[in-house]
Amino acid sequence: MDFKHLKLYHYPATRSARVKWALHETIGDNFEVEVVSLYDGEQYHQDYMQINPNHSVPTLEIIFANGEVKQMLESGAIVSFLADAFPQKNLAPAANSFSIERADYQQMLFFAASAIDMMLWQIRIHEHVLPPSEIDQPSSARYRHKFTTEVEPQLIKRLNKHAYICGEHFTAADIIMGHNVMWAKMYGMCNDKAFSAYLSLISKRPAFLQAFADAGKFNPEPPAGSRMAGVFTG
Ligand SMILES: N[C@@H](CCC(=O)N[C@@H](CS)C(=O)NCC(=O)O)C(=O)O
């Protein structure tokens with residue numbers, strides 16, 4: 001089935017930028033973007049909570065050709081869905097083949113979107129988001145350690161073998177992993193030259209440049225005095 005309209009609810013340089021990147025890779029500019037001002041609490045507005053009870057971005061609203069509407073809320077699921085929905089863009093090994101390439105691609109996409117994302121999120125909330133009374137410094141230290149001693153070596157090994165995370169070809173797994181590497185760099189991690197080479201390669205893609213054109217508007221911490229200070233969870 002084809003789509004009639006796509007609308008992305010977005011906030012600069014957050015996980016919704018992964019989806020914006022995948023949309024530019026697959027359908028160019030043929031979608032609507034609405035910015036949800038996270039630090040003003042717009043994600044908690046009743047109308048938004050009705051479509052996204054997790055009060056987060058991304059939300060991708062899909063109006064299908066037959067008029068049916070579906071909201072997708074998970075960046076990994078959306079990026080993977082788009083890659084499979086537009087096979088002519090060559091962003092994923094074929095879904096209908098029991099291949100080593102597909103197995104590896106899914107493994108890396110989910111590793112990035114779940115396990116690695118969770119580690120980075122723990123660092124984020126304990127270093128930038130939670131009020132002082134809720135900060136648990138050992139949690140952030142634990143995930144920094146796990147990331148640098150367990151995750152980074154695996155990624156470096158891959159990137160020393162081939163240009164992209166799953167081989168010599170760019171895939172949707174690079175969208176999630178690439179965003180994670182940039183996110184980790186904000187915390188002073190991912191310093192090996194393999195990561196610099198990787199980022200310089202993926203950041204030249206026109207779809208990347210479009211997706212992150214607004215990244216300068218991202219502020220890692222709720223601005224002082226924001227009514228979301230102490231409320232915002234991630
Ligand atoms: N697992 C979700 C997480 C989405 C998420 O937490 N987004 C953050 C921005 S990166 C957000 O909108 N936070 C606002 C809030 O939790 O109130 C995904 O990968 O899409």
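The values are calculated or read from the model by the stated rules, or taken from the named source; none is laboratory data. If you're wondering where the values come from, they're calculated on a predicted model, not measured in any experiment. Don't worry about glycine lacking a Cβ; one is built from the backbone with ideal geometry, like all the others, and counts go over all protein chains shown.
If only one of Leu109, Leu91, Leu130 is of a type outside the set (Val, Ile, Thr) and within 22 Å of Pro12 (Cβ to Cβ), which one is it? Sole residue among the options that is of a type outside the set (Val, Ile, Thr) and within 22 Å of Pro12 (Cβ to Cβ): Leu130. Listed by first and then second residue, the pairs linking a residue in the stretch 76-90 that is outside the structural domain of Asp117 (by TED's automatic domain parsing) to a residue that is among the hydroxyl-bearing types (Ser, Thr, Tyr) and within 15 Å of the ligand (Cβ to nearest atom), with Cβ atoms under 8 Å apart and 6 or more places separating them unless they lie on different chains, are Gly76/Ser114. Looking at this structure, is Val129 within 15 Å of the ligand (Cβ to nearest atom) and of a type in the set (Val, Ile, Thr)? Spelling it out, Val129 is indeed within 15 Å of the ligand (Cβ to nearest atom) and of a type in the set (Val, Ile, Thr). So, in the stretch 197-234, exactly how many residues are free of Cβ contacts under 8 Å to residues at least 40 places away in the same chain and closer than 28 Å to Asp29 by Cα? Selection size over the stretch 197-234: 10. Among the residues examined, Phe31 does not qualify as among the hydrophobic types (A, V, I, L, M, F, W, C), more than 24 Å from Val181 (Cα to Cα) and in contact (Cβ under 8 Å) with a residue 60 or more places away in the chain.
Screening the stretch 45-64 for residues that are without any contact (Cβ under 8 Å) to a residue 60 or more places away in the chain and closer than 19 Å to Asn219 by Cα and picking the one that is farthest from the chain's Cα centre (by Cα) gives His55. Being surrounded by 15 or more Cβ atoms within 10 Å (Cβ to Cβ) and among the charged types (D, E, K, R) holds for only one residue in Lys4, Lys20, Lys70, and it is Lys20.
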